[in-house]
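A.B. asks: Encoded as structure tokens, here's the structure I'll be asking about.
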Amino acid sequence: MNPAAVGLGLSLGAAAVASVTALVCPDRVRPLLVGLLAAVSGAAGVVAGVAGMAGHRLAVTLPDLLPLFGIRLVLDPLGGLFMAAVGGVAVAAAVFGIGYTSPQGRGGSGLHRRAFQVVYPLFVAAMLLVPAAASIGTFLVCWELMAVTSLLLVLAEHRRRPAVAQAGLWYAVMTHLGMVAILVGLVLFAAHAPGGSFAALRDAAGELSPLVRGVVFVATLIGFASKSGVVPLHVWLPRAHPEAPSHVSALMSAAMVNLGVYGIVRVGFDLLGVGSRWWWVLVLTLGAVSAVYGILQAAMSTDLKRLLGYSTTENMGLVLVGVGAAGMFAAAGNQVLAGLAMAAALLHVVNHAAFKTLLFLSAGSVLHATGTRDLDELGGLRARMPATTLLFGLGALAASALPLGAAFVSEWLLLQGLIHGVAAGGVAFAVTMPVAVAAVALTAGLAVASFVKAFGVGFLARPRSAAAENATESGPTMIGAMGLAGAACVALALAPTVLVPALAPVVGAAGPLLDSPAAQGALTLRLVAVAGSLSPLLLAAALLVAALAVVLLLRFVADRRTRRQARLWDCGAGPLSARMEYTATSFAEPLQRVFDDVLAPELDVDVTHVQESRYLVDSVEYRARVPDRIERRLYQPVLRLVDAWGQAGRGLANGSVHRYLGYGFYTLVGLLVLLAVTR
Amino acid sequence: MTGVLVAALQVVVVAGGSPLLVGAMRQVRARLEGRAGPGVAQPWRDLRKLLRKEPLTPRGTTEVFRLAPVLLMATTLVVAAVVPFLTNATPLGPVADLFAVVALLSLGAVALALAGIDTGTAFGGMGASREVTIIALVEPTLLVAIFALSVRVGSTNLGDIVTSTLHDPALVISPVSLLAALAFAVAIIAETGRLPVDNPATHLELTMVHEAMVLEYAGPDLALVEWASAMRLAVFLGLLANLFAPWGIASLAGPLPVAVAVAALAGKVAVLGLALAVGEVFMAKLRLFRVPELLAGSFLLALLAVAASYFLA
Amino acid sequence: MTDTAALSSLSVQLLYLSCGAFLLAAVVVLWRRQLAAIVRVFALQGVALAGIVAVLAVEQRSLELALLAVGVLALRAIGLPWLVRRAMPAAGPARETSPLVNVAASLLAAAVLTLLAYAVAQPLITLSPSPVTRAVPVGLTVVLVGFFVLITRRRAVSQVIGFLLIDNGITAAAFLTTAEVPLIVELGVSLDVLFAVLVLQVLTTRMQAAFGDTDLDDLTELRDT
């Protein structure tokens, strides 16, 4: 019996049952039942995905279910990896949702309602199906199902906050424009192939002219990049991801964005067979720009979930740097380095899925407990929410590319690929690789700053508002879900020696031009084809030993009196108040000044003078806002243009039914005349 | 087995010698400024005094505050054991390469920054904010400099880099080495908080970076922070010395080569430290917002080193 | 082109060292704000250029090149800096206070220019790959950096230095590609440069007298509107 088939069947079945259950069961138990069934669906998805990675191929064809091409599912190792990642995120998010959406929760979020709970399992199922789709029709249907269900979920809280509706609008427009781009690309591709199945496309790719191949690639790249939140198509992401309910944010930010990467790899490497070098230089450039821009905006954000959303853009950028480098190497015929870079990118996808789930769920826990996402109002959560604090800290460590964090391993692997890439030959490599390394390094440095800010200002020190002061720890299911994600982070950080060899068939499935990265060693990750080794496990052990040694040394050498609590010294100043603390805004101020030219922040200083004298200041008001500059420069003009066009179009519609019918009539007649004339 | 012994010896040498390095630098500074100076061993006496004091925990702080000095010390100890200071065949070589070493040292700095925020004082937050800004900007320079060094070796493994320079001494005056060394030196000055980036002797609120973060520490905790900071300085200087001029390092195990290596390391680090101290006498601290210029310059040098390593090879 | 394959490893390293110093000087010109320091660095660049020529001279046992090295040293390390220093306004601001592109961004731009120069020079190098021609991009980079200084710096003295950087870069590239610039050509070029500097010096002094400043943006005031 094929475990992949069982897993996928069970997964889809559980999702369907969950959706039906949500329709029929009463409010009280709905979150629990839907959550459990969705978790089962996710877990079965993990099983199917891992089975797919292990080489259990699955091919299902249902020709009658859908017109044109029918439903065609094939699970190969590449799809398996993404399916497993989606499944894993879905398990944690679903368990979290049990507590998060329960009607007994604080403030009654309204998320236990039928409309939300019915759609949720469908979203999970759609995401699980995308990496298994093996024909254009199937792929597009699953993709659109995923887009629509996620849009509905984003809009869940639109009655409570007006920002949600706006975010939903941005998301709806961007995701559908992306969909159109993918559609154009794939249909153009299919027009040159005997059929719409991926196998047929793969065979036909060789005969395509370079121009058609390039157009297909760029069109699909636009669509997939917009789904991954890659600059400059990222504008919807920092709006929609924060405004969605937190476990949906986790699903979108940790699972859905990966599918954009999946699309690029599937189309670019597998179907089109790597193609020209400029494609991948483009991908690498987009990735590097996204990484730096995303993390820079994250470093400036004071909204916790917006920060995490921008960090998603950053991480997808890093993944694309890896994918782009892999494509460049593959186009140059260097299979070893191509495999290495691709493995780094895929490892980062998995790591990002784990830590972003954890971070969004923890942010949800904070939001649930305090009702605010504004870092400037948080603080002091350590004493009130110890488990959430610990787990967020773990996630922040994983996200900031420091040792003992998950991202460190994948970024290390990525840097190894880039460094050895200089020798791959050609000026193109000698110029792009150092720049890419610098971009990755700057990203890593700024990620440290962002997450020190998020964790330090958000959770440590003392509370900055009454909401943070009165926070209480979240319930057991939410903590449990975060713990699950946290355990995944720790496992990924310490045991890459297990995962990296398992990536070999996945990389192999991405195309014949990639060599599977050989890595060996149980404790030490030792690259085979190029020099390089790292052992996170031994490093962790060494750190632990060193820390113990330090503590023991203190025991023997230092004073043996027990620790005494004392007043904060603070240079002898009076008692502290929360208003004296550094806030997230002030924390990021030096960086904002350094990157002044890039960020173009809007600063307003209003000084009100005392009426009697201009020399005495009554009050000073300081406002700083860091707008998304790309949105400002690129999208606002387009929006204004669309708006003007719409205004002009209003003249056509004056409300007369006759007129509307007349438009149709004139058009019909006109067409017929055209036909008659051109014949 | 001998490898483990040498690694342990490295830790002991760094831990024991680093306060003396700081003492010597302060002494040189004092003499150049016309003061008598407290003597080279003064940092050791300070440490002894601090260790004997009662441990205090400021009210309202969390474990982060208490664990940060331990983590800072632990990361520094691990780095001291891993880096090829005395022999280029350390048994821990495959565990961590140059990237990992640099990242470990940042981890310690980040722990201290979090502790600074954790106090909830304005000074702590200010110091943490500035420190983190500097870390973020130093990272590209460091990594690109590492890139330049590892291109010609084809590996980021520290032992390999050191060995290749040992085999081909002419590499030392190649532009790659010189440019990378210069970039690395600027990055080290920024990372260890020396002039002109940060003044280790100041307690003026407008200018302090490192000191602002550790203002609330007292007693044994402060001793750990001070000691670890001294060790970080020694480790960075030792790294600079051995990456670019690895002479004297022991290629084979045995008491005599190792003793020579200890002497060579002490000599090289002392020379670098004294040069730094002398330089500091003649330098003023840069404004915080001038620091990016300095780091952009060193980044450019690192990038030039990479370009040179490819195009002039 | 003489037989450069016979270059010993040491002289290759020395050549590259001089090239590195040559390039570094251009970078430092971008970095520093103090006009006096910029002129000093320019003098050091002249020394480095003379070093490049000297290494080539020793390698090729060429007396002509050795004479040229001495000439380069005299003109570019001593003569021109002295002239520029004389042009420096006695009372005017001695600093490049606000360049049109700030210093950090200038340095990053220089990084991009370097990579560009290396990428562009590749066909030249593949024509006759040798250790000497590999260093040609250094000359090209200095030309580009000099141009960048010209378009972004406000003070007249910085402009002169930018112009001289371009000239230094061209000279270096010439020596590195052909290795035997005829003495007469070099003399002619040097004379040209000398005149240009003299003219600029007069201009600066006049400007100083007319505006009390040497900010070249003030020249826009001369335009009819």
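A.B. asks: For the pair residue A:553 and residue A:633, what calculated FRET efficiency results from E = 1/(1 + (r/R0)^6), where r is the Cβ-Cβ distance and R0 = 56 Å, to the nearest 0.05? Let's see the in-between values first.
C.D. replies: On the way: r = 57 Å, r/R0 = 1.01.
It comes out at approximately 0.50.
A.B. asks: Test of understanding: what is the full-extension gain from residue A:666 to residue A:607, defined as 0.36 nm times their sequence separation minus their Cα-Cα distance?
C.D. replies: Stretched out fully, the residue A:666 to residue A:607 stretch lengthens by 14.9 nm.
A.B. asks: Quick one: plug the Kirkwood hydrodynamic radius of the protein assembly as shown (C-alpha pairs) into Stokes-Einstein at 10 °C, 1.306 mPa s, and report D in µm²/s. List each step's numbers first, then the result.
C.D. replies: Working: Rh = 32.5 Å.
Diffusion coefficient, whole number: 49 µm²/s.
A.B. asks: With the crude spin-label approximation of a point 7 Å out along Cα→Cβ, what separation in nm comes out for residue A:620 versus residue A:642?
C.D. replies: Once both label points are built, they end up 4.2 nm from each other.
A.B. asks: Here is a follow-up. Tell me the angle of helix B:63-82 to the major Cα principal axis of chain B, expressed in degrees between 0 and 90 and rounded to the nearest ten.
C.D. replies: Its long axis makes an angle of about 20 degrees.
A.B. asks: Over all Cα pairs of chain A, how is the pair count split among 20 Å bins, expressed in % and running from 0 up to the last occupied bin?
C.D. replies: It works out to 17, 50, 27, 5, 0, 0, in whole percents.
A.B. asks: Please return the longest range in chain B lying between exposed loop sites, taking chymotrypsin sites (Phe, Trp or Tyr not before Pro), DSSP loop only, at most 15 other beta-carbon atoms within 10 Å, and leaving the sites out.
C.D. replies: Working: sites that count: B:247, B:282.
Result, exposed sites excluded: B:1-246.
A.B. asks: Additional query: If I take every Cα pair under 8 Å that is 6 or more residues apart in chain A, average their sequence separation and divide by the length, what percent do I get for the relative contact order?
C.D. replies: Answer for chain A is 11 percent.
A.B. asks: As a test of reading the structure, rank A:72, C:32, B:130 by solvent-accessible area (1.4 Å probe, protein chains only), most first. Kindly include the intermediate steps, with their values, before the conclusion.
C.D. replies: Numbers: A:72 80, C:32 110, B:130 40 Å².
Ranked from most to least accessible, the order is C:32, A:72, B:130.
A.B. asks: At 0.36 nm per residue, and after removing the present C-alpha to C-alpha distance, how many nm does the segment from residue A:158 to residue A:467 gain when stretched out fully?
C.D. replies: 109.0 nm
A.B. asks: Near the amide H of residue B:247, under 5 Å away, which other amide H atoms are found, from residues 5 or more places off or on another chain, if H is placed in the peptide plane?
C.D. replies: When sequence neighbours closer than 5 places are left aside, there are no close amide H contacts.
A.B. asks: Also: What is region A:1-273's relative contact order, in percent, from Cα pairs under 8 angstrom and six or more apart in sequence?
C.D. replies: 19 percent
A.B. asks: Right, here's the next one. Test of understanding: in a Gaussian network model of chain B with alpha carbons linked when under 10 Å, which of B:18, B:150, B:298 would top the mean-square fluctuation ranking?
C.D. replies: Result: B:150 has the largest fluctuation of those listed.
A.B. asks: Over 32 Å between C-alpha atoms is what I'm after, so list which of B:49/B:285; A:453/B:285; B:53/B:268 land there. Intermediate values should be presented prior to the final figure.
C.D. replies: Values: B:49/B:285 30 Å; A:453/B:285 26 Å; B:53/B:268 35 Å.
Check vs 32 Å cut-off fails for B:53/B:268.
A.B. asks: While we're looking at this one, here's another question. Can you name the helices of chain A, as whole DSSP H runs, whose Cα span along the helix axis is 30 Å or more and whose Kyte-Doolittle mean is not below -0.5?
C.D. replies: A:3-24, A:30-53, A:77-100, A:162-191, A:277-300, A:304-331, A:335-370, A:427-459, A:536-557, A:657-678
A.B. asks: Rounded to the nearest 20 debye, what is the charge dipole size of region B:115-251 about its Cα centre when +1 sits on each Lys and Arg Cβ and -1 on each Asp and Glu Cβ?
C.D. replies: I would put it at about 460 debye.
A.B. asks: From other protein chains only, count the Cβ atoms within 10 Å of every residue's Cβ in C:123-136, then give the mean.
C.D. replies: 1
A.B. asks: On the accessible surface of region A:1-273, probed at 1.4 Å, how many percent belong to carbon and sulfur atoms?
C.D. replies: Result for region A:1-273: 71 percent of the exposed heavy-atom area is carbon or sulfur.
A.B. asks: Could you sort A:179, A:478 by their accessible area in this structure, using a 1.4 Å probe and putting the largest first?
C.D. replies: Numbers: A:179 25, A:478 5 Å².
So the residues, ranked largest to smallest area, are A:179, A:478.
A.B. asks: Work out the FRET efficiency for residue B:247 and residue A:674 from their Cβ-Cβ distance, taking R0 = 60 Å, and round it to the nearest 0.05.
C.D. replies: 0.10
A.B. asks: Any idea what the relative contact order of region A:62-163 is, in percent, if you count C-alpha pairs under 8 Å spaced at least 6 apart?
C.D. replies: Relative contact order, region A:62-163: 34 percent.
A.B. asks: Taking accessible area as the heavy-atom solvent-accessible surface of the protein chains with a 1.4 Å probe, which residues of region A:401-425 lose no less than 20 Å² upon going from the isolated chain to the full protein assembly?
C.D. replies: Buried-area filter returns A:402, A:403, A:408, A:412, A:415, A:416, A:419, A:420, A:422.
A.B. asks: Can you tell me what share of the DSSP beta bridges in the protein assembly as shown is antiparallel? A percent to the nearest 5 is fine.
C.D. replies: 85 percent
A.B. asks: With just the Cα atoms defining each centre, how far is region A:412-455 from region B:147-189? Give it in Å.
C.D. replies: Using only Cα atoms, the two centres lie 18 Å from each other.
A.B. asks: Any chance you could run the full-extension gain for residue A:523 through residue A:2? It's 0.36 nm times the residue separation minus the Cα-Cα distance, nm to one decimal.
C.D. replies: 184.4 nm
A.B. asks: While we're here: Over the protein assembly as shown, average the accessible area per residue using a 1.4 Å probe and give it in Å², no decimals.
C.D. replies: Here the residues of the protein assembly as shown average 38 Å² of exposed surface.
A.B. asks: By accessible area of protein heavy atoms, probe 1.4 Å, what ranking do C:134, A:114 get, highest first?
C.D. replies: Largest to smallest exposure gives the sequence A:114, C:134.
A.B. asks: 7 Å from Cα along Cα→Cβ at both residue B:48 and residue C:194: what's the point-to-point distance in nm?
C.D. replies: The answer from the label model is 7.0 nm.
A.B. asks: For residue A:568, enumerate residues with amide H under 5 Å from its amide H, sequence gap 5+ or separate chain, H modeled in the peptide plane.
C.D. replies: Placed amide hydrogens put B:59 under 5 Å from residue A:568.
A.B. asks: Right, something else. Residues of region B:279-313 that become at least 50 Å² less accessible with every protein chain present than in their own chain isolated, using 1.4 Å: which are they?
C.D. replies: Buried-area filter returns B:289, B:293, B:300, B:303, B:304, B:310, B:311, B:312.
A.B. asks: Quick one: Cα centre-to-centre distance for region B:118-142 and region C:54-90, in angstrom?
C.D. replies: 47 Å
A.B. asks: Run the quick spin-label model on residue A:580 and residue C:120: label points 7 Å from Cα toward the beta carbon, then report their separation in nm to one decimal.
C.D. replies: Going from the residue A:580 label point to the residue C:120 one covers 5.8 nm.
A.B. asks: Given the whole protein assembly as supplied and a 1.4 Å probe, what does the accessible area of residue A:47 come to in Å², nearest 10?
C.D. replies: About 80 Å², rounded to the nearest 10.
A.B. asks: Roughly how large is the B-A contact in terms of buried accessible area, totalled over both chains, probe 1.4 Å, nearest 100 Å²?
C.D. replies: The contact between A and B buries close to 6400 Å².
A.B. asks: Calculate, for residue A:16 and residue B:66, the FRET efficiency according to 1/(1 + (r/R0)^6) with r their C-beta to C-beta distance and R0 51 Å; round to the nearest 0.05.
C.D. replies: Working: r = 52 Å, r/R0 = 1.01.
Efficiency at R0 = 51 Å is approximately 0.50.
A.B. asks: Moving to a separate point now. Tell me the volume per residue, in Å³, of the convex hull enclosing the alpha carbons of region A:1-273. Don't jump to the answer; show the numbers that get you there.
C.D. replies: Details: hull volume 31.0 nm³, N = 273.
Hull volume normalised by residue count: 114 Å³.
A.B. asks: Please pull out the direction-averaged projected area of region A:607-679, using the convex hull of its alpha-carbon atoms, in nm² to one decimal place. Mind dumping the intermediate values first?
C.D. replies: Values: hull surface 46.2 nm².
Spelled out: convex hull of the Cα atoms, projected over all directions, averaged, 11.6 nm².
The values are calculated or read from the model by the stated rules, or taken from the named source; none is laboratory data. Given the structure is predicted, the values throughout are model-derived calculations rather than measurements. A quick note on method: Cβ atoms are made from the backbone with ideal geometry, for glycine too, and the neighbour counts reach across all protein chains shown. What goes into the accessible areas is simple: the full protein's heavy atoms, side chains included, and nothing from ligands, DNA or RNA. Shrake-Rupley method; radii C 1.70, N 1.55, O 1.52, S 1.80 Å.
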